[in-house]
Amino acid sequence: MNDSSFNELLCIAVTCGYRWRSLVIRQANPATVSNIWRMRFPSLEYVQILGVRIPDKSLLLTSRCAPSLKYLTLWDQGSIDQLPAVSNLNTGEFRWSCSGSGPRLLSSLFSCQQLRRLVLSGPYESGDQWPEPQSIYLPALVSLTIDLINPQPALAAMVVPNLHYLWCSLTSYTHNWAHVFGGFPNVFTNVRHLSLNHAGGSTEADAEAVYAACPDVYQVELSADDIPAFFHGNTPVDRWPHLEHLTLEGMKVGTIPRDLIKWFDGRKSTEQSLLLVTLSKFREPKGAPNGWLTSLCKSLRGRCLLELEDFPLKTTLKMHTSSQGDVLDSYGSCDSVRIFIDERLEG
């Protein structure tokens, strides 16, 4: 379809804008979609704009032109200087590439009091002027994803009393969890699902800061490199007393997590229920031992409910999973396999 035919079709579609529920714009020619920025969409609920710069004077993302807007994604924007007041916004996903956009965007979210899910992703500059600590009150927010080089200023600016899910990433070795969470003891007390993604390993000081900030999680996702920091011989077994599911990503094939095993033994003495432990995104070095999986399962037997996700199975595997000698066999070369071992099924 040539540009002329497409423009004719678009003009026809635009006349029906009052009926639109969803609008997705991806890598479009700015001239082609210029008419959309001036339209009204009384029924529009979902907007996704990818790689297209929104004109500064556009009224599209306002309660006046899109009063029903609930789901908004602005992805691959050069900059997001200001988010117009969208009073009914329920979900916002924002990714920018120009420094300075994050602070301005976060400041403009103050009016989104019904916001429940928020994703922030972009660069960070030391000179960025973030909002003052505890100045952005988001009472309805239950899910927060922050993918910034240094998420600390953004976390400090927000007051989120009902936050349930927190995903946080550190992509720089110059920052650590002690820096990010050190000033927030007992701030995220309602967080039940915590996911931390760090380019480097954590220290015991990092673990202490995370424990203090999020003291009552039920589900946590960490790097396998964090095991010595979060789970070692001196770690109190009552940390995260309601923990039900632990996910460890990036374990090296051939490694037996002995620190974790000792922590499990201490936890078992308190008669707490067995944890569901998921090991995923394995790293497979050259010369990994063939019998490692069997050794791993034996070392964890009776200590947890073990789940292996996307395990790089390249050789024949035979594994006894019950005291009667039931054998789980997998043959061939597979890209991935999920194996569940539930010790409660043992006879």
Inset, instruction - Report Rg(Cα)/(2.2 N^0.38 Å) for the stretch 162-274, keeping two decimals. - result: 1.02
Inset, instruction - Work out from phi, with θ = phi - 60° and the Karplus expression 6.51 cos²θ - 1.76 cosθ + 1.60, the ³J(HN,Hα) of each residue of the stretch 157-168, listed in order in whole Hz, and give x for Gly and Pro. - result: 6, 9, 10, 10, x, 10, 5, 10, 10, 10, 10, 9
Inset, instruction - Hand me the GluC sites (Glu not before Pro) from the stretch 229-306 located in a DSSP loop with no more than 10 other Cβ atoms within 10 Å, in residue order please. - result: Glu271
Legend entry - the stretch 121-160 shape via C-alpha gyration tensor axes, a/c threshold 1.5: oblate
Legend entry - Simple label model, 7 Å out from Cα along Cβ direction - Arg26 to His179, nm: 3.7
Legend entry - Stretch gain in nm, segment Ile149-Cys16, where the contour uses 0.36 nm per residue and the Cα spacing is subtracted: 43.6 nm
Legend entry - Alpha carbon convex hull of the stretch 174-214, projected area averaged over orientations, nm²: 2.8
Legend entry - Extension reserve of the Glu271-Ser299 stretch, reckoned as 0.36 nm per residue once the Cα distance is removed: 8.2 nm
Legend entry - Cα gyration tensor shape of the stretch 111-217, rounded if a/c is under 1.5, else prolate or oblate by comparing a/b with b/c: oblate
Legend entry - Residues of the stretch 166-196 with amide N under 19 Å of a point placed 7 Å along Cα→Cβ from Tyr71: none
Inset, instruction - Multiply the residue gap between Lys262 and Glu309 by 0.36 nm, knock off their C-alpha separation, and tell me the result in nm, one decimal place. - result: 14.6 nm
Legend entry - Amide H partners (placed H, <5 Å) of Thr247, local residues excluded: Val220, Glu221, Leu222, Thr278
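Read-outs: derived from the displayed coordinates by stated rules, not from any lab. The shown structure was predicted, so the numbers you read here are calculated from the model rather than taken from an experiment. No Cβ is skipped: glycine too gets one built from the backbone with ideal geometry, and neighbour counts run over all protein chains shown.
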